[in-house]
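Novice: Pasting a structure here, questions to come.
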Amino acid sequence: MPGAQVYQLELYDRPFSEEKNAGRPITGVLVTGKRKSAALSIVSRDYLQSGRTYHWRVLAIDPEGRVLAVSTPRPIRVP
């Protein structure tokens, strides 16, 4: 995303809906705007339970801390 200084990957334990958001993220990771991939740390992975489905999204954030864009939330299943 042009202008993004960092990307914030957020994981939630419940889905988003039109009426309400998914609450607070349970874990996530922050990476520089030049990165095209991210890996959760061991500490972040400890918040995830095997066999459960979580929901993730990515926020693009500019140098002033403004959110430039937010991805569509998507499900992910932890093996």
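The values are calculated or read from the model by the stated rules, or taken from the named source; none is laboratory data. No experiment lies behind these values; they were computed from the predicted model shown. Reconstructed Cβ throughout: ideal geometry from the backbone, glycine too, with neighbour counts over all protein chains shown. Areas reflect the complete protein model, heavy atoms only, side chains present, ligands, DNA and RNA absent. Shrake-Rupley method; radii C 1.70, N 1.55, O 1.52, S 1.80 Å.
Novice: Quick one: in the range 60-79, of everything that is in a strand (DSSP E or B) and in contact (Cβ under 8 Å) with a residue 60 or more places away in the chain, which residue is least open to solvent (accessible area, probe 1.4 Å)? So that I can check it myself, show each step before the final result.
Specialist: Looking only at the range 60-79, we keep the residues that are in a strand (DSSP E or B), and these are 60-61, 67-70, 74-77.
Applying the additional criterion that residues be in contact (Cβ under 8 Å) with a residue 60 or more places away in the chain yields 68-69, 75-76.
Numbers: L68: 75, A69: 32, P75: 92, I76: 78 Å².
Here the residue is A69.
Novice: Give the range 29-39 a look and list any residue that's within 17 Å of Y12 (Cα to Cα) and either open to solvent by 90 Å² or more (accessible area, probe 1.4 Å) or in contact with a Ser or Thr (Cβ under 7 Å, 6 or more places away or on another chain) (or both), or say none.
Specialist: Selection gives V29, L30.
Novice: Tell me, please, whether a residue that is closer than 16 Å to P15 by Cβ, β-branched (V, I, T) and touching a Gly at 6+ places or on another chain (Cβ under 9 Å) can be found in the range 67-78.
Specialist: yes
Novice: So Y12 clears everything in (1) aromatic (F, W, Y); (2) open to solvent by less than 40 Å² (accessible area, probe 1.4 Å); (3) at pLDDT below 90 except one condition, right? Which one?
Specialist: It fails just one condition, (3).
Novice: Looking at the range 5-29, I want the residues that are farther than 21 Å from R45 by Cα and have a partner that is open to solvent by 80 Å² or more (accessible area, probe 1.4 Å) and not hydroxyl-bearing (S, T, Y) with Cβ atoms under 9 Å, at least 6 apart or on another chain. Which pairs are those?
Specialist: Here the result reads Q5/P63; Q5/E64, each pair linking the range 5-29 to a residue that is open to solvent by 80 Å² or more (accessible area, probe 1.4 Å) and not hydroxyl-bearing (S, T, Y).
Novice: Within the range 27-46, can one find any residue that is part of a loop (DSSP other than H, G, I, E, B), on the phi > 0 side of the Ramachandran plot and over 10 Å from the mean Cα position of the chain (by Cα)?
Specialist: There is no residue in the range 27-46 that is part of a loop (DSSP other than H, G, I, E, B), on the phi > 0 side of the Ramachandran plot and over 10 Å from the mean Cα position of the chain (by Cα).
Novice: If you take the residues in the range 43-54 that are surrounded by 11 or more Cβ atoms within 10 Å (Cβ to Cβ) and not small (G, A, S), which one is nearest to T32 (Cα to Cα)?
Specialist: From the range 43-54, those surrounded by 11 or more Cβ atoms within 10 Å (Cβ to Cβ) are 44-45, 47-48, 53-54; that's our starting set.
Among the residues that remain, those that are also not small (G, A, S) are: 45, 47-48, 53-54.
Working: R45: 20, Y47: 23, L48: 23, T53: 27, Y54: 23 Å.
Among those residues, the one meeting the criterion is R45.
Novice: Does R57 fit the bill of being of a type in the set (K, R) and crowded, with 16+ Cβ neighbours inside 10 Å?
Specialist: Taking the combined requirement at face value, the residue satisfies it.
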